[in-house]
Amino acid sequence: MSDAERNKLAMKRFMTCINTNDKSLAEELIDSKAEFTTPVSEKPLYGGAGYLSVVDLMRKSFSDIRWEIVDMAAENDKVAVSWICSGTHDGNFMGLAPTGKKISFSVMNFYYFNDEGKIINDVAAQGMFGLLNQLGISWRL
């Protein structure tokens with residue numbers, strides 16, 4: 001099995017990890033030294049626990065949030081994933097009180113793996129966040 005095939009299989013398990021908030025699976029799939037930068041945290045987050053802390057933030061706003069892989073492309077140590085994220089806005093989100101509305105949106109992420117097949121970085125395509133940042137609009141949770 002090639003590294004690309006191995007990493008695509010890991011991403012399917014990663015989808016289970018974030019949808020179930022499985023901390024042991026996160027530690028298995030994400031390198032403990034992996035550093036993640038995210039628009040919702042001023043400081044980098046580390047390892048599986050750090051990654052799941054962002055998932056936890058989203059669950060506070062959308063308790064039934066789900067991520068589903070739409071498409072994947074892999075090459076060597078990189079996997080690009082197109083996700084559909086859906087849920088119900090039943091908690092405070094960026095200062096917006098719960099609306100009860102169902103949401104669904106697309107997200108694109110690039111994941112990088114080490115030689116052991118663990119995730120070491122996640123780069124999100126953050127076009128709208130970049131626009132909000134340039135306009136000086138606060139969007140941190």
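The values are calculated or read from the model by the stated rules, or taken from the named source; none is laboratory data. Just so it is clear, the model here is predicted, and its values are computed rather than measured. In this analysis, Cβ positions are derived from the backbone assuming ideal geometry, glycine residues included, and neighbour counts consider all displayed protein chains.
Things to note:
- The residues of segment 66-115 that are surrounded by 15 or more Cβ atoms within 10 Å (Cβ to Cβ) and closer than 16 Å to Tyr51 by Cβ, listed by number, are Trp67, Val79, Val81, Trp83, Cys85, Asn109, Tyr111, Tyr112, Phe113.
- Pairs with Cβ under 9 Å, 6+ apart, first in segment 30-59 and within 19 Å of Glu116 (Cα to Cα) and among the charged types (D, E, K, R), second at pLDDT 90 or above and in a loop (DSSP other than H, G, I, E, B): Asp31/Asn114; Asp31/Glu116; Asp31/Lys118
- Any pair with Cβ under 7 angstrom, 6 or more apart, that starts in segment 74-98 at a residue that is within 17 Å of Lys12 (Cβ to Cβ) and aromatic (Phe, Trp, Tyr) and ends at one that is at pLDDT 95 or above and not in a loop (DSSP other than H, G, I, E, B): Trp83/Trp67; Trp83/Glu68; Trp83/Ile69; Trp83/Val70
- Filter result for Ile120 (crowded, with 16+ Cβ neighbours inside 10 Å and closer than 18 Å to Leu9 by Cβ): yes
- Count of residues meeting criterion [among the polar types (S, T, N, Q) and loosely packed, with under 14 Cβ neighbours inside 10 Å] in segment 2-14: 1
- Inter-residue pairs, beta-carbon under 8 Å, first within 15 Å of Lys78 (Cα to Cα) and touching a residue at least 12 places away in the same chain (Cβ under 8 Å) and in segment 1-29, second part of a helix (DSSP H, G or I) and basic (Lys, Arg), 6+ apart: Leu29/Arg13
- Residue list for segment 33-44, filter: of a type outside the set (D, E, K, R) and under 15 Å from Tyr111 (Cα atoms): Ala34, Phe36, Thr37, Thr38
- Across segment 15-54, the number of residues qualifying as buried (at least 16 other Cβ atoms within 10 Å of the Cβ) and in a strand (DSSP E or B) comes to 5.
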